[in-house]
Amino acid sequence: MSRSSQRPSHRQRIHDTIRTRILTGKIGAADRLVDTAIAAEMGVSRMPVREALMQLVSEGYLEGTTRGYSLPNFTHEKVMQVFVLRRLLEPHAAASAAQACTEAHVARMRAAVDEAMGTLEKDDFETFYRASEVFRNTWLSAVPNAELGAAIQRLSGQVQAVRLATMRDGEAHRTIIAGQRDLLAAFAARDALAAEARILRFVLEGEGSYLRLRAG
């Protein structure tokens, strides 16, 4: 196989770059993605940018608007449907990750939790969010079923604006870190049942935070 055939296409590179920006919070609810601007940034023509953006739309990460592409503006009903799917998928994923994770996975999660805990007494949302994403992405990378892990990542990306708003809440901040500490203990002990039970509680806590903030 030639070296050129091993390189990702422009479309795939652009897709992966934008997807990473979504999952790390670098693209927010107010942002609009315009193909011409992205093409200029990436040094490519508009065609691979359009193809990448349409793929992200088909995967649920973006939606088209009259002013470009943006994060989906989910209705309350759709957000609640995502929580139902998370309750169904994440417990099994966490249990399988607990059995498959390596010492390297545990070390990365421990470092992320330590970093997140350091933000409890500070108004440092960016560090908290970054550390939380490292924690989540690390345990998802340990899920043996790659399709299951990817499906959960897509659900996260689709409601990214909701996740960002919830995580900025002080009460949710403390709840999330407590959940991460418990999950870390389950993963470190390779305790599938504890991981399964704690991630379900974690999802339910997230749903509760969302409903509390929505009620104002």
Seminar exercise, completed: Condition set in contact with a Pro (Cβ under 9 Å, 6 or more places away or on another chain) and crowded, with 18+ Cβ neighbours inside 10 Å, scope the range 199-216, selection nearest to PHE135 (Cα to Cα): answer is ILE199
For this session: Tell me, please, whether a residue that is acidic (Asp, Glu) and at pLDDT below 90 can be found in the range 50-60.
Result: yes
For this session: Could you identify the single residue in SER96, SER70 that is among the hydroxyl-bearing types (Ser, Thr, Tyr) and either touching a strand residue (DSSP E or B) at 6+ places or on another chain (Cβ under 6 Å) or at pLDDT 95 or above (or both)?
Result: SER96
Seminar exercise, completed: Over the range 82-96, the set of residues charged (D, E, K, R) and surrounded by fewer than 16 Cβ atoms within 10 Å (Cβ to Cβ) is ARG87
For this session: Tell me, yes or no, whether the range 3-18 has at least one residue that is closer than 24 Å to ARG214 by Cβ and either over 17 Å from the mean Cα position of the chain (by Cα) or open to solvent by less than 60 Å² (accessible area, probe 1.4 Å) (or both).
Result: no
Problem set entry | Single condition GLY157 does not satisfy, out of (1) more than 12 Å from the chain's Cα centre (by Cα); (2) in contact (Cβ under 8 Å) with a residue 60 or more places away in the chain | (1)
For this session: Could you check, for the range 132-152, whether at least one of its residues is in contact (Cβ under 8 Å) with a residue 40 or more places away in the chain and out of contact with any helix residue (DSSP H, G or I) (no Cβ under 8 Å at 6 or more places or on another chain)?
Result: no
Exercise. Which condition number does GLN99 fail, the rest of (1) over 23 Å from ASP191 (Cβ atoms); (2) open to solvent by 50 Å² or more (accessible area, probe 1.4 Å) being met?
Worked result: (1)
Exercise. Looking at this structure, is ARG67 basic (Lys, Arg) and either in contact with a Phe, Trp or Tyr (Cβ under 7 Å, 6 or more places away or on another chain) or touching a residue at least 40 places away in the same chain (Cβ under 8 Å) (or both)?
Worked result: no
For this session: Identify the single condition in (1) in contact with a Pro (Cβ under 9 Å, 6 or more places away or on another chain); (2) open to solvent by 80 Å² or more (accessible area, probe 1.4 Å) that ARG67 does not satisfy, given that it satisfies every other one.
Result: (1)
Exercise. Looking at LEU193, is it modelled with pLDDT of 95 or more, exposed (fewer than 14 other Cβ atoms within 10 Å of the Cβ), closer than 19 Å to ARG86 by Cα and not polar (S, T, N, Q)?
Worked result: yes
Problem set entry | Selection count where residues are modelled with pLDDT under 85 and not hydrophobic (A, V, I, L, M, F, W, C), scope the range 155-190 | 6
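The values are calculated or read from the model by the stated rules, or taken from the named source; none is laboratory data. Just so it is clear, the model here is predicted, and its values are computed rather than measured. Note that we place each Cβ from the backbone using ideal geometry, even for glycine, and neighbour counts take in every protein chain shown. Accessible surface is based on the protein model in full, side chains and every heavy atom, while ligands, DNA and RNA are left aside. Shrake-Rupley method; radii C 1.70, N 1.55, O 1.52, S 1.80 Å.
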